Each structure stands twice: as C-alpha cells, then as structure tokens.
Amino acid sequence: MKRSLCYACALALLLVACTLPAPVMAPGPAVTQAFPAGTFDLRTYQGTMAGVSVPKTLAYTFLDDGTYAVTGNGFAMGSGKATVTGNQVSLKGTFLDGTCTEEGRYSWSFDGTQLALTVVQDPCADRQAGFATAITKHVAAPAAPVAITKLPDLGTTKSLTILPLDEVKAVGNLKTEERAVSYLVKTDNATVLLDMGANSKNESPSPLESNMQQLGVKLSDIDTIVISHEHYDHAGGWARQFNGTFSMGNQQVDLNGKRVFVPRPMTYPGITPVVADHPMAIAKGVATIGTLPMTPPGFGPEQVLAVNVEGKGIVLITGCGHPTVPKIVERAKMLFDQPIVGIVGGLHYPEKDATLLQSRADYIKSLSLQLVAVSAHDSSPEAIAAIQQAVPAAAKDIKVGQPIVFGQ
C-alpha cells in the first residue's frame, strides 16, 4: 500500500514544472528551451490508491506560475510546485489524501510534443518506474465562460437547520472521520443532503449511514442531493471519485425520485444527475451558485449552496471552499440582492502561520456575518480559533449530531 501511495503521489508531483528559475539544487547543463506549460497525458500509469485501482490515464497541467494539478480520468487527484534549474526540475507536491509529500529531482527534455522525465534522485522506486514513459502533450480548449446574471425571485425560508452527518468532530458516540463532509440542510420546503462523506475504512454501514440511523434520518426524508465537488471525502470514497460517481456507503442505494445536482458530469445507477455548471434554484429559498474553478486551476469545479432566510439574508453552505472564500462571496453577491449573512462548511484554511491566519480572520470579520461555522476537515485548529476569536457572536462549532439553527 505504501509503495502504491508513493507511486500515485509522485505522478501527481511530476506535473508542474514551469519556468521558475529559483535555484534550489545544483545547476544542470544549460538549455535554451523553457520547461513547457500545458496539459500532458501519461498513458501507462497502473497501481492502487487506498486499495482501489486508479485510472490508467492521468493528465498533468503545468502552469507558468510553477504550480500544477493532476487529474485521473478527469477527476482531481493532486497538486504541487516545481522548480526548474537548467535541465533539471525539482518536483514537490501532495496527493489528495495528504500522504505523499516526497520531493524528487529529474532531468527533462521536451521535443515540442512529448515531455520526458528521467530520475536523478527520488526516494520512491514505484514513482521512478512511472516516470520512465514520456508524457504526450494534449492542450484542451478552454471552456467558454458562463454568463452570471442575478437569479430570479428565489423565495425565502423562515427556518434553516444544518445537521452535520459526517465530519471530524461529533457529539456522543456518533461516528467521525479524519476528512469527511456530509450535511443535512433543512428548510421550510426542502431537505437537502450536501455531500456523502468519505467512508475511508470501507465500513458497512458507513459512518454517514450509521450516523443517519442513530439520528433518525431516513433516506425517504431527503428530496434533494447536492455533491459540492468530486473529491473522495465528499463523494463517498476513493473508488467513487476514481469512477466519477458517489455513494452513501458500500452499496449505491436507490435514488430514483430524488433530484441530484453535481458539479460536473457524474454517473449513478438509475438516475441522470443535473450538472450545476451555472447558478440555478433547486427549491424555494435554496439555490446552487453554480460551479467555480478550484485553486490551483485545473483542479476541478466546486458548487456552493445558498439559502435565503427570511428577514436575514443569504447563508452559504460549502463543501471545501477550494475556489477561495472571496470568490465564493463575490459570486453570491452577483446573484442575490440580499446580503450575505452566513457561511457554514469547509473554507480550506489549513495554514498555521499566525500572520496569514490573522488576514483570513480579518476578511471574515469584514463581511459582518451573523453565522460562521468552519469545518475542521480542511481548516487547521489554529485557523478555526482565529476566526472564532474574530467573530465570537457569530461563531458556531460543526459537530456530527449538533444542529446549527438559523432563522425562526
């Protein structure tokens, strides 16, 4: 398993070499060409990740700013940074499960079509084998921008209750996961399941299913399902992400009759999910703000729920916040006349640097929110503490089994 994880990660690492001249290693022979930006396909990747067979085709997108993103069959798998010195490139990145951060060094050549990487130094033998094959350049046409206009009258809900069903923290003996999100969002007219957790140990019942049983939540109570983005800790596991689908547990239950909204084309037995690539209402007082690109670019799209609470304003409910909170807020302001009054969910603030965290907290405070609840699945304890100190009157904890109530 460890070797496989290392191999998968490395592949993720290898993608980013852009034209960063910062010397972090002994300089190699001078070359006249720059390390190529663009998207490249690696066609000979085979292995496992978390015990699951991974896609045979990975795509690496190298950007000019020295970052990269890795996708497998179109789904996000990893990211990192590269530093180029002469004909050598140093690659360092992280696979989505956070287990692979080793740094490798490679010599490279590019003939205008194929990028070839040869190991100079790398602690991972599996990754070395993966880099023996050239990567073919394939630059996809950029997607047409989506025109954003205000949504027509969305209506309101007098009540909003967000019940975490899968998260890092819990009350009582409810199950938790190190990285997972699933929230039950209840309004006057809708019951929405946002995301399906990770089921990282392939349990049956899964943590999500077990917690639903203990909390008295039935599948029949849910009329709408929203997948914020395709990452494993939101789609129900690695196997689901790699296969472009989602699941509440080891078995995909019957979802016929339920409305399902996904951020990109995804499949599910017996239904055709709606791709929410643009803003749309999904119930009275409830909308998806449509998809936004994640950071780094090329890492896939993410959608965010918006609930219009009567007499108060818009509460945003996020899965991870990969597009960044300012961009999510900016999109919401474009869509609604009502003020943004709350943010609940993942904000993707993993940092621990005090100066950076203070700037994050100052930004949240500047929004003058009435409700702020930050998920621990992708934000550090230091980040959560900084935000709670900045907005003590609005701050709430996110714990499985502990409802967050807003409105009447």
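The values are calculated or read from the model by the stated rules, or taken from the named source; none is laboratory data. Model, not experiment: these values are computed from the prediction. Here the Cβ is made from the backbone with ideal geometry for all residues, glycine too, and neighbour counts use every protein chain on show.
One table, with the values for the structure above:
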{"item": "All positions within region 277-315 that are outside any strand (DSSP E or B) and within 25 Å of A373 (Cβ to Cβ)", "result": "P279, K284, G285, M294, T295, F299, G300, E310, G311, K312"}
{"item": "Qualifying residues in region 374-389 (those that are among the aliphatic types (A, V, I, L, M) and closer than 16 Å to V325 by Cα) - the one surrounded by the most Cβ atoms within 10 Å (Cβ to Cβ)", "result": "V374"}
{"item": "Members of region 178-202 found to be among the acidic types (D, E) and either modelled with pLDDT of 95 or more or within 21 Å of T157 (Cα to Cα) (or both), listed by number", "result": "D188, D195"}
{"item": "Tally of residues being in a helix (DSSP H, G or I) and within 23 Å of G319 (Cβ to Cβ) across region 334-358", "result": "4"}
{"item": "Given (1) in contact with a helix residue (DSSP H, G or I) (Cβ under 7 Å, 6 or more places away or on another chain); (2) modelled with pLDDT of 95 or more, index of the condition G155 fails", "result": "(1)"}
{"item": "Members of region 260-276 that are part of a strand (DSSP E or B), out of contact with any Ser or Thr (no Cβ under 8 Å at 6 or more places or on another chain) and farther than 16 Å from P301 by Cα", "result": "I271"}
{"item": "From G345, G313, residue being touching a strand residue (DSSP E or B) at 6+ places or on another chain (Cβ under 9 Å), crowded, with 23+ Cβ neighbours inside 10 Å and at pLDDT 95 or above", "result": "G345"}
{"item": "Region 253-285, residues that are closer than 25 Å to P152 by Cα and acidic (D, E)", "result": "D277"}
{"item": "Selection from region 89-118 of residues that are modelled with pLDDT of 70 or more and not in a strand (DSSP E or B)", "result": "D111, G112, T113"}
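Residue by residue, here is whether (1) assigned by TED's automatic domain parsing to the domain that holds N173; (2) in a strand (DSSP E or B); (3) closer than 24 Å to H322 by Cα holds:
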position	(1), (2), (3)
P205	yes, no, no
N211	yes, no, no
V217	yes, no, no
I225	yes, yes, yes
H234	yes, no, yes
G244	yes, no, yes
S247	yes, no, yes
V253	yes, no, no
